[in-house]
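Values in this text are rule-based calculations from the coordinates and carry no lab data. Predicted model only: the values in this text are computed from it and were never measured. As a convention, Cβ positions derive from the backbone with ideal geometry for all residues, glycine included, and neighbour counts pool all protein chains shown.
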Amino acid sequence: MKASMPFKYILSEKNDKMYVIFDFKDDNGKRKRKWVGTGLMTSCSKKALNSRVSEIVAEFYEDYCSGKATAVVEKEVKKPSLLERDPRIPGSTELPSGSSFRFTDFLFYWLDSVKASIAYTSYEGYIRNLRIVKNYFDENYPDLLLEELTALQIQKFYNDMYSEGKTGNTVKHYHANIHKALKYAVKMDMLMGNPADKVDLPKLEKYRANFYSKEEINHLLKVFEGDRLELVVNIAAYYGLRRSEIIGLKWDAIDFDKGTLTVCRKITSIFEDGHEQLRIDENLKTEASVRTLPLIPHIEKMLKKRMMLEMQYSQILKSDFDRTFDGFVCRDNTGAIITPEYVTRHFKMIIKKFNLRPLRFHDLRHSCASLLLASGVSMKAIQDWLGHSTFNVTANFYSHLDYQSRVSSAEVIANALGDEAETEENESTNEKTGS
């Protein structure tokens, strides 16, 4: 801090980069905070950092003295509507008169019409998938009207996507979007029938999850000791929580007295204009995702340590402590939330830096499941632990790992029939020998 300045500033680390955070008041006396990137990584030399910080502070001081930094800019605030057209949706979402609706225009008209009833993360997936559908049909059938669409054209799209290297599972996602859109068209009396009902889908590949062994997980946790993601990685390994569920954990979901941890919200991110935007969802997608789990002693100890550190840093930084995400567990020492994108990127960097076997952060979830399965935990119990919506989801992911249960079954049947079979064999031998 610089007491002689008409403002305060501190250095902060975020996403492995160094920032200068300015704290000041605007012309209306309202407290403001501004983050300025240094363009330097946390690994830079102290000399380079000090030099760059001096330049940034000098520039900000000039802006402050000239009134540029403290000026109050009046902006017209428009409250967005859930049905307001998404700027990422191409073309018009107005319903045209007559039969002039192009097929690809209709896809986005449908999406805009139903987005209020679609989960946010699902909506983002629909946007990505429909862009691919639009690009294909606009290139191959540029003037195709909705009522002219045939099953043969849809089938060709699926076949071409599969031939280009898309997996059967990816093609299935395209089909789900197209089918829902055309089903809506039938419901609205825009089509007599759904041509997507008549197509054949490519064979689905059975997903085989990548996971670490017990020894690899223990080594990984040692590597992350003292790292900013230490708590995040430990929660993922012990509980198998999704990335969004870990970042969405709040202190009010952890009951130290009862020894429970409740998964009930998530934080997801999207990128707009190159910037990560965070969204807090207080309601998870399915009822099964909301679950209360026992507080594992190792994790309980880490959580209490994190809570103590947060209290200490908030007292040290005072007004400079970021209160934007107060109540959330996974924050850094300045109070800033650890973002989903940072988790993915930093985890990948650490894996590479320490020459560990390639593993995605989400694969810690699979690793947790495989260790539970190897320890004799039932598939149904694993479904509840991971928060899968149905038993089939769990079985499809991990049935190929459940070999131990088959070994147990073999031992049971061998023990059940072994005595009788052995008795019959002995009797047969005695008859032959006359004994």
Practice prompt. Would you please give the residues with an amide H less than 5 Å from that of K32, counting only those at least 5 places away or on a separate chain, with H modeled from the backbone geometry?
Written response: F24, K25, D26
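Given the Cα-Cα distance of L309 and S375 and 0.36 nm per residue of separation, how much length would full extension add, in nm?
Values: separation 66, 0.36 × 66 = 23.76 nm, distance 3.48 nm.
Gain in length upon complete extension: 20.3 nm.
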Worksheet item: Given labels modelled 7 Å from the Cα in the Cβ direction, how far is it in nm from E148 to R131?
Response: 2.7 nm
Practice prompt. Using a 10 Å cut-off on Cβ atoms, rank the peptides 295-305, 331-341 from the highest mean neighbour count down.
Written response: 331-341, 295-305
Worksheet item: For E276 and K214, what is the calculated FRET efficiency with R₀ set at 45 Å and r taken between the beta-carbons, to the nearest 0.05?
Response: 0.85
Response to the item:
Dipole check, segment 214-364, charges on Cβ (K,R +1; D,E -1), about Cα centroid: among G259, I247, V223 the Cα furthest to the positive pole belongs to V223
Worksheet item: K198 versus E230, label points 7 Å from Cα toward the beta carbon: distance in nm?
Response: 6.4 nm
Worksheet, complete the sentence: The answer for the net charge of residues other than I316 whose Cβ lies under 15 angstrom from its Cβ, with Lys and Arg +1 and Asp and Glu -1, is -1
Worksheet item: For labels at T260 and R323 in the simple 7 Å Cα→Cβ model, what's the distance in nm?
Response: 3.1 nm
Discussion item. Need the full-extension length gain, S66 to W35, defined as separation in residues times 0.36 nm minus the C-alpha distance. One decimal, nm.
Written reply: 9.2 nm
